[in-house]
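Rule-based calculations on the coordinates, nothing more; no lab input. Just so it is clear, the model here is predicted, and its values are computed rather than measured. For neighbour counting, all protein chains shown are included, and Cβ atoms are generated from backbone atoms with ideal geometry for every residue, glycine included.
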Amino acid sequence: MHRMTSVRIETIGTEAQPLVILDDFAPDPDALRNFAQAADFAPALNHFPGVRAALPADYLATQLPVISAAAAEAFGRTGPITVVDASFSIVSTPAGNLTIPQRLPHIDAFTEDRIALVHYLSPAGGDGTAFFRHRSTGFETVDETRRDLFFRHLDIEMRHGGVPPPEYVQGDTPLFECLRTEPARYNRALLYRSWNLHSGAISSDNLLAADPVAGRLTVTCFLSIG
């Protein structure tokens with residue numbers, strides 16, 4: 001029998017952006033892992049450093065009431081939920097092959113309605129998610145009004161100081177301060193605004209296996225909530 005999902009709402013950094021931590025998120029995480037093991041993973045598009053595969057058709061239908069209630073409480077978003085993108089995701093790109101954007105904290109969208117969900121499905125827990133402040137601007141989030149200034153600063157910093165080394169972001173860096181790292185746990189999900197500067201907290205001992213059994217299996221969803 002599925003234990004009730006526990007909902008914790010915390011805040012990130014001095015901008016106090018909401019972070020929702022949902023434990024015991026899915027009714028049957030083992031079934032999701034089994035589904036992923038039979039799925040066809042392919043290299044991800046956009047900037048995700050790894051592989052992705054399609055979710056079971058009923059994944060969001062099952063989880064939508066929990067997401068909806070948590071989003072209303074944490075973000076004040078009570079309108080309809082539109083799924084922008086959702087898939088199984090495994091970080092698997094070798095550090096030496098990372099593009100420059102993949103070596104930096106990032107934002108997924110610039111508007112208040114956009115909410116990201118990451119659902120951890122590795123039984124051992126594994127690597128979580130980290131949130132950052134850009135040192136030179138002080139920005140912890142990047143919306144449309146900050147977008148040009150943020151990228152202009154970043155471009156100047158990398159032209160003068162060089163690009164980050166080919167590795168996953170870990171903790172503080174010369175350009176970014178790590179505000180908090182939320183650890184992964186089996187069947188834990190996080191909800192946060194897509195405009196938060198964030199990154200997977202990928203440790204140097206991660207095997208980066210593109211395999212749902214051995215790899216960092218997650219579900220990543222990008223939602224627009226009215």
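Going through region 77-105 one residue at a time, which ones are among the polar types (S, T, N, Q) and touching a helix residue (DSSP H, G or I) at 6+ places or on another chain (Cβ under 9 Å)? Explain how you work it out, then say what you get.
Going through region 77-105, the residues among the polar types (S, T, N, Q) turn out to be 78, 82, 87, 89, 92-93, 97, 99, 102.
Within region 77-105, T78, T93 meet the criteria.
Hey, could you check region 2-16 for residues that are part of a loop (DSSP other than H, G, I, E, B) and of a type in the set (S, T, N, Q) and say which is surrounded by the most Cβ atoms within 10 Å (Cβ to Cβ)? Explain how you work it out, then say what you get.
Step one: list which residues in region 2-16 are part of a loop (DSSP other than H, G, I, E, B), which gives 2-5, 13-16.
Then keep just the ones that are of a type in the set (S, T, N, Q); that gives 5, 14.
Numbers: T5: 19, T14: 10.
Only one residue tops the list, namely T5.
Collect the residues in region 173-189 that are closer than 17 Å to D28 by Cα and of a type in the set (A, V, I, L, M), keeping them in residue-number order. Explain how you work it out, then say what you get.
Restricting attention to region 173-189, the residues satisfying the condition of being closer than 17 Å to D28 by Cα are 185-189.
Once the filter is applied, which keeps residues that are closer than 17 Å to D28 by Cα and of a type in the set (A, V, I, L, M), region 173-189 yields only A189.
Assigned to a helix (DSSP H, G or I) and out of contact with any helix residue (DSSP H, G or I) (no Cβ under 9 Å at 6 or more places or on another chain): does that describe A61?
Working: assigned to a helix (DSSP H, G or I): yes; out of contact with any helix residue (DSSP H, G or I) (no Cβ under 9 Å at 6 or more places or on another chain): yes.
Yes, satisfied.
For region 152-163, state whether one or more residues are among the β-branched types (V, I, T) and assigned to a loop (DSSP other than H, G, I, E, B). Spell out the reasoning first.
Step one: list which residues in region 152-163 are among the β-branched types (V, I, T), which gives 156, 163.
Right, trim to assigned to a loop (DSSP other than H, G, I, E, B) and you get 163.
So far as region 152-163 goes, yes, one or more of its residues are among the β-branched types (V, I, T) and assigned to a loop (DSSP other than H, G, I, E, B).
Select from region 144-170 the residues that are crowded, with 16+ Cβ neighbours inside 10 Å and of a type in the set (S, T, Y) and list them in ascending order.
Of the residues in region 144-170, the ones crowded, with 16+ Cβ neighbours inside 10 Å are 146, 150, 153-154, 157, 164, 168-169.
If the condition is that a residue be crowded, with 16+ Cβ neighbours inside 10 Å and of a type in the set (S, T, Y), then Y168 is the only one that fits.
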